[in-house]
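The values are calculated or read from the model by the stated rules, or taken from the named source; none is laboratory data. Owing to the predicted nature of the structure, the values given are computational and were not obtained by experimental measurement. Counting neighbours? That spans all protein chains shown, and the Cβs are built from the backbone with ideal geometry, glycine included.
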Amino acid sequence: MREAFSLVWSVLVSLFRSRVSLEAEILILRHQLNIQRRHAPKRLAFSAMDRLIFVGLFRLVPNTIKALTIVKPDTVIRWHRAGFRLYWRWKSRHRCGRPAVPLEIRRLIREMSIANPLWGAPRIHGELLKLGIEIGQTSVAKYMARRRGPPSQGWKTFLRNYAEGIAAMDLFVVPTISFRLLYGLLIMGHGRRQILWLGVTAHPTAEWRANQLTEACGWQQIPRYLIRDRDRAYGEIFVRRVRSIGIRDRPTSFRSPWQNAHAERLIGSIRRKCTDHIVIFGERHLRHVLLSYMGYYNGTRTHLSLSKDAPISRAAENAGRIICRPILGGLHHQYGRM
């Protein structure tokens, strides 16, 4: 600031000086600049006031740009353009208008638009009004997530739409105390990984499997697709029964148990969590054990794939004393409040 006042004072004093003295002073100043430029670094640092003085003189007398020696003319023009932008940014600053939308509401609008790709601004605006959030529809459209292509559901949603109508079945072997082999038949639904049926027999014929499927699914809530392996024991009787009740039979490929991965995984859980820890005496005993585990699995056991809920949704209990109920003789326990 002192340098600016000194410059203005020098201009006022020069108005009363002779032309010869002014030209002599100009020559001396130019020679001093040449000496200073030989010893000065290549890049000089300029303060905001220095830039303002250069830009102001260039604005008043454009021809003075030819006298610049310590800075390039393009640099002064760039400074002038930057000042022009700052000036108009200050002129068009936000003074009044609509109140700013809180950050939580903006995040909610973005999450709703991402989770529901088929929803537009009017649909999301209606949901926000039902939640007691007063906001304009144009503001909702402003903060929605932008999409490059047409809206489409994700693979996760696509597969879940078909999971409710898919059932899987498979056989597993359980040895008894007398080394006799019993066969367990598992039928499960893909919707919430629920066990629909657990049957036990020593002779798994095709007719027996068909009857087990009919008892498990009934004639009203039948699945649309059935996944099974290509065991020849299913036979023509089983295939005709499946077709007669309106189920589309989908056998897996040869030597491809991974195509029935949910049933294989559940059979592994039954073995690791139940039958491997109990000595089976006979067919009746195995049926009792499997039905007990079925009730525990469907109504009590939490699953990671279901957001730590049971296949038959289990409500949270917040009041009462915590009690423990043994299952399968204490192999597992159920906790609740009373």
Please determine whether any residue of region 74-94 is part of a helix (DSSP H, G or I), among the basic types (Lys, Arg) and within 30 Å of Trp155 (Cβ to Cβ). no
Among the numbered criteria (1) in contact with a helix residue (DSSP H, G or I) (Cβ under 7 Å, 6 or more places away or on another chain); (2) in a helix (DSSP H, G or I); (3) surrounded by 13 or more Cβ atoms within 10 Å (Cβ to Cβ), which one does Glu207 miss? (3)
Being assigned to a helix (DSSP H, G or I), more than 39 Å from the chain's Cα centre (by Cα) and at pLDDT below 90, is that true of even one residue in region 222-233? yes
Restricting attention to region 118-162, the residues that are surrounded by 15 or more Cβ atoms within 10 Å (Cβ to Cβ), in contact (Cβ under 8 Å) with a residue 24 or more places away in the chain and within 21 Å of the chain's Cα centre (by Cα) number exactly 3
Could you please give the count of residues in region 188-204 that are in contact (Cβ under 8 Å) with a residue 24 or more places away in the chain, over 41 Å from the mean Cα position of the chain (by Cα) and not in a strand (DSSP E or B)? 2
If you go through region 306-325 one residue at a time, how many are of a type in the set (Gly, Ala, Ser) and surrounded by 10 or more Cβ atoms within 10 Å (Cβ to Cβ)? 1
Residue match in region 212-227 (condition: small (Gly, Ala, Ser), in the same structural domain as Ile280 (by TED's automatic domain parsing) and in contact (Cβ under 8 Å) with a residue 24 or more places away in the chain): yes
Per the filter on region 255-283, residues free of Cβ contacts under 8 Å to residues at least 60 places away in the same chain and charged (D, E, K, R) are Arg255, Arg265, Arg272, Lys273, Asp276
Output the number of the condition that Phe281 fails; it satisfies all remaining conditions of (1) out of contact with any Asp or Glu (no Cβ under 9 Å at 6 or more places or on another chain); (2) over 25 Å from Tyr297 (Cβ atoms). (2)
Quick test for you: out of Leu213, Leu182, pick the one residue that is surrounded by 12 or more Cβ atoms within 10 Å (Cβ to Cβ), of a type in the set (A, V, I, L, M, F, W, C) and not in a strand (DSSP E or B). Leu213
With the structure loaded, tell me whether Thr252 is touching a residue at least 12 places away in the same chain (Cβ under 8 Å), of a type in the set (Ser, Thr, Tyr) and more than 30 Å from Arg224 (Cβ to Cβ) or whether it fails that test. no
Residues located in region 315-338, provided they are of a type outside the set (A, V, I, L, M, F, W, C) and in contact with a Lys or Arg (Cβ under 9 Å, 6 or more places away or on another chain): Glu317, Asn318, Gly320, Arg321, His332, His333, Gln334, Tyr335, Gly336, Arg337
For region 256-284, give me each residue that is closer than 15 Å to Val174 by Cβ and among the polar types (S, T, N, Q). Ser269, Thr275
Which of the strands (runs of 3 or more DSSP E) found entirely inside region 239-338 contain at least 1 residues meeting this: assigned by TED's automatic domain parsing to the domain that holds Tyr225 and among the hydrophobic types (A, V, I, L, M, F, W, C)? 322-327
